[in-house]
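Following: one structure in C-alpha coordinates, then a few remarks.
The values are calculated or read from the model by the stated rules, or taken from the named source; none is laboratory data. No experiment lies behind these values; they were computed from the predicted model shown. No Cβ is skipped: glycine too gets one built from the backbone with ideal geometry, and neighbour counts run over all protein chains shown. To get the accessible areas, we keep the full protein, side chains included, count just its heavy atoms, and leave off ligands, DNA and RNA. Shrake-Rupley method; radii C 1.70, N 1.55, O 1.52, S 1.80 Å.
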Amino acid sequence: MSKSKLAGGSSSTNSVSFFFKKSDKGIEAVRQEDGSIITKEINSSEQLKTILLLLKVIFVFSLFREFSFLLNLPKWLYHVPTFIFTGLFLIAILVVLSNPETRMYHGAEHKVAHWYSKEIAENDIESIKKCSRIHGNCGTNLLATIVTFQLASSICLKIFGFHIPEIITAIVPFYTYNIFPFNILGMFTQLITTATPTTKHIAVAVRALSTLVKIESK
(Lines give C-alpha, C1' and ligand atoms only; values in the text may rest on other atoms or scores of the structure.)
Protein backbone atom coordinates (compact mmCIF):
# COMPACT_ATOMS: atom_id res chain seq x y z
CA MET A 1 0.00 0.00 0.00
CA SER A 2 1.51 3.33 -1.08
CA LYS A 3 1.96 6.04 1.49
CA SER A 4 -0.51 8.93 1.35
CA LYS A 5 0.91 12.30 0.36
CA LEU A 6 0.53 15.37 2.50
CA ALA A 7 -1.69 18.08 1.06
CA GLY A 8 -0.66 20.65 3.62
CA GLY A 9 -0.56 21.67 7.23
CA SER A 10 -0.94 24.60 9.55
CA SER A 11 0.22 25.74 12.95
CA SER A 12 -0.73 28.17 15.69
CA THR A 13 0.37 29.18 19.18
CA ASN A 14 -0.19 25.68 20.59
CA SER A 15 -1.17 23.35 17.76
CA VAL A 16 -0.19 21.69 14.49
CA SER A 17 -2.49 20.26 11.83
CA PHE A 18 -1.92 18.02 8.81
CA PHE A 19 -4.03 16.98 5.82
CA PHE A 20 -3.61 14.24 3.25
CA LYS A 21 -4.39 14.65 -0.43
CA LYS A 22 -7.69 13.16 -1.63
CA SER A 23 -9.10 13.35 1.88
CA ASP A 24 -11.64 15.75 3.33
CA LYS A 25 -10.40 15.29 6.87
CA GLY A 26 -7.30 16.24 8.78
CA ILE A 27 -5.97 16.00 12.31
CA GLU A 28 -5.09 18.83 14.66
CA ALA A 29 -2.92 18.14 17.71
CA VAL A 30 -3.17 20.67 20.54
CA ARG A 31 -0.92 21.03 23.58
CA GLN A 32 -2.95 21.68 26.72
CA GLU A 33 -1.89 23.91 29.62
CA ASP A 34 -0.99 20.83 31.68
CA GLY A 35 1.40 19.67 28.95
CA SER A 36 -0.78 16.89 27.59
CA ILE A 37 -1.54 16.61 23.87
CA ILE A 38 -5.02 16.03 22.52
CA THR A 39 -6.02 15.40 18.92
CA LYS A 40 -9.21 16.20 17.07
CA GLU A 41 -10.50 15.57 13.60
CA ILE A 42 -10.95 18.67 11.46
CA ASN A 43 -12.41 19.22 8.03
CA SER A 44 -10.02 20.24 5.28
CA SER A 45 -12.79 22.31 3.75
CA GLU A 46 -11.74 25.13 6.07
CA GLN A 47 -8.35 25.17 4.41
CA LEU A 48 -10.07 25.11 1.02
CA LYS A 49 -12.18 28.12 2.03
CA THR A 50 -9.02 30.07 2.80
CA ILE A 51 -7.58 29.23 -0.62
CA LEU A 52 -10.84 30.19 -2.36
CA LEU A 53 -10.89 33.50 -0.49
CA LEU A 54 -7.34 34.18 -1.63
CA LEU A 55 -8.32 33.36 -5.22
CA LYS A 56 -11.26 35.78 -5.03
CA VAL A 57 -9.05 38.57 -3.70
CA ILE A 58 -6.45 38.02 -6.42
CA PHE A 59 -9.20 37.88 -9.08
CA VAL A 60 -10.73 41.17 -7.92
CA PHE A 61 -7.34 42.88 -7.64
CA SER A 62 -6.36 41.65 -11.10
CA LEU A 63 -9.57 42.89 -12.70
CA PHE A 64 -9.15 46.25 -11.01
CA ARG A 65 -5.57 46.63 -12.26
CA GLU A 66 -6.37 45.43 -15.77
CA PHE A 67 -9.29 47.80 -16.21
CA SER A 68 -7.41 50.73 -14.67
CA PHE A 69 -4.72 50.17 -17.31
CA LEU A 70 -7.06 49.58 -20.26
CA LEU A 71 -9.21 52.60 -19.39
CA ASN A 72 -6.10 54.73 -18.96
CA LEU A 73 -7.08 55.74 -15.43
CA PRO A 74 -4.58 57.57 -13.18
CA LYS A 75 -1.56 55.28 -12.80
CA TRP A 76 -1.59 55.44 -9.01
CA LEU A 77 -4.85 53.48 -9.05
CA TYR A 78 -3.05 50.59 -10.75
CA HIS A 79 -0.66 50.32 -7.81
CA VAL A 80 -3.32 50.37 -5.05
CA PRO A 81 -3.92 46.56 -5.02
CA THR A 82 -0.16 46.00 -4.83
CA PHE A 83 0.13 48.24 -1.79
CA ILE A 84 -2.87 46.59 -0.12
CA PHE A 85 -1.74 43.01 -0.68
CA THR A 86 1.86 43.75 0.24
CA GLY A 87 0.73 45.59 3.36
CA LEU A 88 -1.46 42.68 4.47
CA PHE A 89 1.44 40.30 3.85
CA LEU A 90 3.76 42.38 6.02
CA ILE A 91 1.15 42.64 8.78
CA ALA A 92 0.73 38.86 8.77
CA ILE A 93 4.50 38.45 9.14
CA LEU A 94 4.56 40.90 12.06
CA VAL A 95 1.75 39.00 13.79
CA VAL A 96 3.71 35.74 13.52
CA LEU A 97 6.91 37.45 14.70
CA SER A 98 5.11 38.70 17.80
CA ASN A 99 4.57 35.13 19.01
CA PRO A 100 7.70 32.94 19.30
CA GLU A 101 5.58 29.86 20.04
CA THR A 102 3.81 30.15 16.70
CA ARG A 103 7.16 30.34 14.92
CA MET A 104 8.42 27.20 16.69
CA TYR A 105 5.25 25.22 15.97
CA HIS A 106 5.54 26.39 12.37
CA GLY A 107 9.10 25.10 12.30
CA ALA A 108 8.00 21.81 13.85
CA GLU A 109 5.29 21.43 11.22
CA HIS A 110 7.87 21.78 8.45
CA LYS A 111 10.43 19.47 10.04
CA VAL A 112 7.89 16.69 10.53
CA ALA A 113 6.57 17.16 6.98
CA HIS A 114 10.13 16.78 5.64
CA TRP A 115 10.72 13.73 7.83
CA TYR A 116 7.54 12.09 6.56
CA SER A 117 8.20 12.83 2.87
CA LYS A 118 11.83 11.64 3.02
CA GLU A 119 10.81 8.35 4.65
CA ILE A 120 13.56 8.55 7.25
CA ALA A 121 13.74 5.19 8.97
CA GLU A 122 14.34 6.41 12.51
CA ASN A 123 11.07 7.33 14.16
CA ASP A 124 12.52 9.57 16.83
CA ILE A 125 12.68 13.24 17.73
CA GLU A 126 16.41 13.55 17.06
CA SER A 127 16.11 12.45 13.42
CA ILE A 128 13.28 14.94 12.93
CA LYS A 129 15.34 17.76 14.45
CA LYS A 130 17.90 17.26 11.67
CA CYS A 131 15.29 18.08 9.01
CA SER A 132 14.95 21.58 7.60
CA ARG A 133 12.47 24.02 9.08
CA ILE A 134 12.07 25.60 5.61
CA HIS A 135 9.55 23.92 3.32
CA GLY A 136 9.03 24.58 -0.38
CA ASN A 137 5.27 23.96 -0.29
CA CYS A 138 4.57 26.30 2.61
CA GLY A 139 1.69 28.72 2.09
CA THR A 140 4.13 31.51 2.92
CA ASN A 141 5.86 30.77 -0.38
CA LEU A 142 2.62 31.18 -2.30
CA LEU A 143 1.76 34.51 -0.67
CA ALA A 144 5.31 35.79 -1.12
CA THR A 145 5.31 34.77 -4.80
CA ILE A 146 2.04 36.60 -5.38
CA VAL A 147 3.56 39.68 -3.73
CA THR A 148 6.66 39.29 -5.92
CA PHE A 149 4.62 39.23 -9.13
CA GLN A 150 2.49 42.17 -8.06
CA LEU A 151 5.52 44.24 -7.13
CA ALA A 152 7.23 43.28 -10.40
CA SER A 153 4.21 44.37 -12.45
CA SER A 154 3.97 47.68 -10.60
CA ILE A 155 7.69 48.35 -11.03
CA CYS A 156 7.54 47.48 -14.73
CA LEU A 157 4.68 49.90 -15.33
CA LYS A 158 6.11 52.64 -13.13
CA ILE A 159 9.69 52.61 -14.39
CA PHE A 160 9.54 51.03 -17.86
CA GLY A 161 5.95 51.76 -18.87
CA PHE A 162 5.49 48.07 -19.63
CA HIS A 163 2.26 46.35 -18.62
CA ILE A 164 2.42 42.70 -17.58
CA PRO A 165 -0.91 41.01 -18.44
CA GLU A 166 -2.84 40.35 -15.24
CA ILE A 167 -3.46 36.74 -16.22
CA ILE A 168 0.26 36.24 -15.59
CA THR A 169 0.41 37.96 -12.20
CA ALA A 170 -2.79 36.22 -11.06
CA ILE A 171 -2.22 32.64 -12.23
CA VAL A 172 1.50 31.97 -12.65
CA PRO A 173 2.33 32.31 -8.90
CA PHE A 174 0.14 29.29 -8.11
CA TYR A 175 2.33 27.14 -10.39
CA THR A 176 5.75 28.60 -9.55
CA TYR A 177 5.65 29.32 -5.81
CA ASN A 178 7.94 26.36 -5.03
CA ILE A 179 10.30 26.90 -7.98
CA PHE A 180 13.53 28.89 -7.89
CA PRO A 181 13.90 31.87 -8.36
CA PHE A 182 10.20 32.66 -7.86
CA ASN A 183 10.30 31.31 -4.30
CA ILE A 184 13.25 33.41 -3.12
CA LEU A 185 11.13 35.88 -1.15
CA GLY A 186 9.05 33.05 0.33
CA MET A 187 12.05 31.03 1.46
CA PHE A 188 13.62 34.13 3.00
CA THR A 189 10.34 34.97 4.75
CA GLN A 190 10.22 31.48 6.24
CA LEU A 191 13.55 32.18 7.93
CA ILE A 192 11.74 34.68 10.13
CA THR A 193 8.27 33.11 10.34
CA THR A 194 9.69 29.81 11.58
CA ALA A 195 12.09 29.08 14.43
CA THR A 196 13.97 25.98 15.52
CA PRO A 197 11.44 23.99 17.55
CA THR A 198 12.07 22.23 20.83
CA THR A 199 11.14 18.64 21.60
CA LYS A 200 7.72 19.71 22.92
CA HIS A 201 6.84 21.47 19.67
CA ILE A 202 7.96 18.55 17.53
CA ALA A 203 6.00 16.13 19.73
CA VAL A 204 2.78 17.98 18.90
CA ALA A 205 3.49 17.84 15.17
CA VAL A 206 4.39 14.15 15.38
CA ARG A 207 1.15 13.40 17.24
CA ALA A 208 -0.91 15.17 14.57
CA LEU A 209 0.73 13.32 11.69
CA SER A 210 0.90 9.90 13.36
CA THR A 211 -2.79 10.11 14.30
CA LEU A 212 -3.67 11.06 10.75
CA VAL A 213 -1.68 8.12 9.38
CA LYS A 214 -3.45 5.71 11.75
CA ILE A 215 -6.88 6.98 10.71
CA GLU A 216 -6.08 6.79 7.00
CA SER A 217 -4.68 3.26 7.30
CA LYS A 218 -7.89 1.90 8.80
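With the convex hull of the Cα atoms taken as the outline of the stretch 137-218, the averaged projected area works out to 7.6 nm².
Quote the relative contact order of the stretch 47-129 in percent (integer), defining contacts as alpha-carbon pairs under 8 Å separated by 6+ residues.
Numbers: 23 pairs, mean separation 11.6, N = 83.
Reported relative contact order: 14 percent.
Summarised as an ellipsoid, the stretch 1-144 has semi-axes of 36, 18, 15 Å, derived from the eigenvalues of the Cα gyration tensor scaled by 5 and square-rooted, with the largest first. For the stretch 25-71, the set of GluC sites (Glu not before Pro) satisfying both a DSSP loop assignment and a count of at most 13 other C-beta atoms within 10 Å is given as 33. Sparse packing (at most 15 other Cβ atoms within 10 Å of the Cβ) combined with a DSSP loop state is found for the following GluC sites (Glu not before Pro) in the stretch 79-138: 119, 122. Show that you can apply the helix-only estimate: for the chain, add -39,500 (n - 2.57) for every DSSP H stretch of four or more residues, divide by all residues, and state [θ] at 222 nm to the nearest 500. Counting only the DSSP helices, I get -19000 deg cm²/dmol.
What angle, in degrees between 0 and 90 and rounded to the nearest 10, separates the Cα long axis of helix 199-217 from the longest principal axis of the Cα atoms of the chain? Once rounded, the angle reads 90 degrees. Restricting to DSSP loop positions (anything but H, G, I, E, B) with no more than 14 other Cβ atoms inside 10 Å of their own Cβ, which chymotrypsin sites (Phe, Trp or Tyr not before Pro) remain in the stretch 77-182? Passing both the DSSP loop test and the Cβ count: 162. Entry comment: accessible area of the chain is 56 Å² per residue, from protein heavy atoms only and a probe of 1.4 Å. Leaving ligands, DNA and RNA out of it, report the carbon-plus-sulfur percent of the accessible area of the chain at a 1.4 Å probe. Exposed carbon and sulfur together represent 67 percent of the surface. Computed with a 1.4 Å probe over protein heavy atoms only, the accessible area of residue 102 comes to about 20 Å². Percent of C-alpha pairs per 5 Å bin in the stretch 71-173, short distances first: 2, 11, 16, 16, 12, 11, 10, 8, 6, 4, 2, 1, 0.
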